[in-house]
Amino acid sequence: MRVLLDESVPRQLRRFLRGHEARTVQEMGWSGKSNGELLALAGPVFDVFLAVDQNIEYQQNLRLADIPILVLDQETVRGMQLFAREVYPRLKEQASLAAL
């Protein structure tokens, strides 16, 4: 699946998307574009748009978007960041030790 990460999504969350083609708005050269512009640009290229912008549903008529939009809340993002920072490295270490 081709996933576009909005500027509001912490880059470290990308590790949760292994096995998918995840790109950031910055990598695509689309920094500073409005949500409407991003959705129009992303529609033909990506399968889903991932954002943390809680107001996107009020700023855009999401039914008219050519791409599904997944909006994460801040609590979910904080939990994922904690997992990425604290738990994920330990799981990797344990997996390496188990392989010995």
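The values are calculated or read from the model by the stated rules, or taken from the named source; none is laboratory data. Keep in mind that what you see is a predicted model, and the values were worked out from it rather than measured. We place every Cβ from the backbone using ideal geometry, glycine too, and count neighbours over all the protein chains shown.
Across segment 8-45, the number of residues qualifying as in a loop (DSSP other than H, G, I, E, B) and either at pLDDT below 90 or more than 14 Å from the chain's Cα centre (by Cα) (or both) comes to 15.
Of all residues in segment 46-82, those that are over 12 Å from the mean Cα position of the chain (by Cα) and either more than 23 Å from Ala22 (Cα to Cα) or at pLDDT below 70 (or both) total 12. The set of residues in segment 1-15 that are touching a Phe, Trp or Tyr at 6+ places or on another chain (Cβ under 8 Å) and over 18 Å from Leu41 (Cα atoms) contains only Arg15.
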